[in-house]
Every structure is written in structure tokens, then in C-alpha cells.
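Worksheet: one structure, shown below.
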Amino acid sequence: MSAHETTKYVPSHPVARWFEDRLPLMGFSKELLDYPTPKNLNYWWTFGGILAFMLGVQIVTGIVLAMHYTPNAGLAFDSVEMIKRDVNGGRLIQAVHSTGASMFFFAVYIHIFRGLYFGSYKAPREVLWILGVIIYLLMMATAFMGYVLPWGQMSFWAAAVITNIFSAIPIVGDPILQLLRGGFAVDNPTLNRFFSLHYLLPFIIAAVVVLHIWALHVPGNNNPIGVEVKDKRDTVAFHPFYTMKDLFAIVVFCIPFAWFAFFAPDIFAHSDNYIMANPLVTPAHIVPEWYFLPFYAILRAIDFNFILDSKLLGVIFFGGSILILFFVPWLDTSKVRSGNYRPAFRWFYGLFVLNFLLLMWYGAQEPATHIIGPFTVADTSKLSVVYYFAYFLVILPLLGRYEKPRPLPNSISEAVLTEPRAVSGADPAMPTAH
């Protein structure tokens, strides 16, 4: 029997057996709990469970908030204040939902960067990775629309600036812009559209998450050494080993989450968003939420014309910085999955993480801010944009050809229980035998 084979579950009670024959929910649940999982997964792998938990928190709190929110340009700002002041537990529910968005993105960034380091996108897990990127895009759309709903100054002007990006697209740009806004400017129809989509998209995310988990269970989990499961000695049952580990990680994750919700519920909010939206007064510095800042910095960095107009060029780089993630499984040509066995890759990956954080900082600064002598944020951010795209388009393809990886262990058990023996750094799915 292979590591991923399961036997059919047959309940002992005749009623349960009758129901199971017609709708095998209990057998499916048991299969998920007994699913053979690599025994060397560390705590970086618990962020998948944390993300599922956070999605549930956001959906539940969002439904409660929607019961009291009024999606009207003249009433939305006051309805948010009413939720905080007059609804029983409203302040806590609103705080959990707003800070939960930031905690959700914090967890998803760790989840993505873990996948990039350990090669979780490599064959046969390309579809798993693509579904994950789709979830990330849906999260970004949902978060942006949710940011508009309080209808404060920053919410209104962020909607105006970001939706205006579509106007740079030739031919179809203006129709898309008017469809999003519901007119020629950000107004009440825009708020209604964004509220409807913000309510709908989390359920679509949940559906794609189900596909994501399904796609995970076909090839099985990746693991820190990137070697495929050989037999049952390489695995343990998902329950109780990883259910308890994930539960512990969720509890630890909830400690800072609870601190933000109880003691600093407005720490991630912009002060201008506590002023009601005014289309006649533009904020001095329009800034999106922190989890959008790297991509906002890329958009602002393209302020020059090169064949195309700077506005269209900026939109191309902005969209390309996210869409390029879909092609990572084919851009990385190395046959070794785990970054633990790729010495050169680890340096470039570390620089990529630092560069991403630097782009986040650039996005929060004014473009004219001087950094070093005459060089401003607008000048130096261009170097970070170059490295961001060079990492995917140049470094990953070339490393696969010229990097010499460290020897891989023969199996997960060998890496966990004994000292790894020197073997050729070939495809981790088929390590060279002694």
C-alpha cells in the first residue's frame, strides 16, 4: 500500500451506515484526518491552518457588520461610528474585522514566502500554487473594497486613485472604470458596488480554498527538504499530530491578534480616515493599507515614458508584479526544491525578501523625499523594482542552470533520523541511490 492509500470507512451503526452509503461525509472527514503527512513539517507549514482560521473570522465578523452597515455615501461614515458606539459588542467586532485584515495578510505573506523558499510551486504542485495566487488576488480585491466602505477621506481618495489606474488601459480602460465606479466619478453607486462585492468575494475565496486543499491532497504536502514521500515511514497521520500543532500555532497567533483588537484597534488605520469623505479636499499624501505598499511603490516608481506613456507603463509593471507569480513554477529551472540545499539561491532569496520590505517602506513615503543626497524615494525605488523583476525573470532561470546544490538525503526519514549521506543534487523527487 502506498503512503497515500486509504481504506473505505464503514460505520458500525446501521443508520450511520445507511447515510454513509449515500453521502460519505464521515468517511471523507476521516480520510482528511488520517491523511499521511510528511513527518518533518515545521511551524512554517502551520500558516495554512492559520489562514483558514482567519478566513472564518473575517467571514463571521463581516456578516455581523453587514447587518448594521448602511452602503450609502451620505450615511456610511456615520453607520460605522454607530456600529462602534451603539451596537452591543460592535466596537470589538469592528476591531476584530479591521485588524483581522492586516493579520490575514501578514499570515498570507509568510505562507507565500515559505512556498517561494521551499519550492512548493514545483511539479507536481503547479495547480496548487496557481490556486494560491488566485486566492491572493481575490484577497487583495476584497481588502481594497473593504477599505473603501468606511467612506473616510483616505477611503474615498484611495478608491479614486486606484480605480483611475484602469483608465490607462487602451480602448477598454474607460468602460471598465465606469463599470467599477457606476458612473464618471467615485460616488454612491461606487460604494454600493464595492459593498456588494466585498460581501460576495469572501465566499468565493472560501470556494477556491476548498479547491486549494483538494489540489494539496492530490500530490501531498511538500516538506522542508523537498524530497517526495517514499513510504509510510516518511509520514504520520494528520490527526492528531498536525491538528494539534496547527491548533497550538493558531492560539499563539491569536495572542498578538487579540492585543491589537483589544488595545490598539486603530493602529493600522490612517488618521485621515476618521474624517468623512470630501471630494473637494484632497489629502496631502494618499497611502493605501500596508499590505498594498510594495505594489503601490512599483506603480509610482514608473514615472517616465519608454515607448509607452508613463501611466500605462506603470499599470503594466503594477499588474505584472502580481501576475508574474503565476509563472514562478516555470521560471525556476532548478530541479532541487528546498532552499536549504541551494546555497546561492539563499542569498538571492534573502535579498528579495529585504527588497520587498524596502518597497513596502518606499510605498509609505512621499516620492520627493530625499534619501541619500540628491536621490529621492522616486529615484531609489526604481532599483528595487529592477531587482523585483530580475529575481523572477533572470536570477531564478539562471540559478537552475549554474548553481551547484548541496547533496540531498535519500528520504525524509534519513533527513529526520540520521545524518544525510552524500548523494547527487538531482531531482528531489528521484534522488540518486547509493
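Every read-out reported here was derived from the displayed coordinates using simple, explicitly stated rules and does not represent laboratory data. Predicted model, so just to flag it, every value in this text is computed and none were measured. With ideal geometry, Cβ positions are generated from the backbone for all residues, glycine too; neighbour counts draw on all protein chains shown.
Other residues lying with their Cβ under 14 Å from the Cβ of M154 contribute a combined charge of -3, Lys and Arg counting +1, Asp and Glu -1.
For the pair R401 and L33 in one chain, pulling the backbone fully straight at 0.36 nm per residue adds 128.5 nm over the alpha carbon distance.
Taking P189, P374, P219 in turn, the Gaussian network model of the chain (Cα-Cα springs below 10 Å) assigns the largest fluctuation to P374. For the chain, the longest principal axis of the Cα atoms and the long axis of helix 243-263 meet at an angle of about 20 degrees. Among the lysines of the chain, pairs at least eight places apart or on separate chains and with Cα atoms under 13 Å apart come to 6. The C-alpha atoms of the chain define a longest principal axis, and helix 310-323 lies at about 30 degrees to it. Counting Lys and Arg as +1 and Asp and Glu as -1 over every other residue whose Cβ lies under 15 Å from the Cβ of N273, the net charge comes to -4. Segment V127..H217, full-extension length gain: 31.2 nm, with 0.36 nm per residue of separation and the alpha-carbon distance subtracted.
For helix 47-66, what angle does its Cα long axis make with the longest principal axis of the chain, in degrees from 0 to 90 and rounded to 10? Roughly 40 degrees, rounded to the nearest 10. Once the C-beta distance of V161 and I204 is scaled by a Förster radius of 25 Å, the resulting FRET efficiency is 0.50 to the nearest 0.05.
Paramagnetic label reach from K232 (point 7 Å along Cα→Cβ; backbone nitrogen cut-off under 11 Å): within the range 12-45, no residues. Computed over the range 296-403, the convex hull of the alpha-carbon atoms projects to a mean area of 7.7 nm².
A straight chain from F304 to W330 at 0.36 nm per residue would run longer than the Cα-Cα distance by 6.3 nm. Counting only the Cα atoms, the range 44-121 fills a convex hull of 99 Å³ per residue.
Globularity index of the range 213-279 is 1.93 (Cα radius of gyration / 2.2 N^0.38 Å, N = number of residues).
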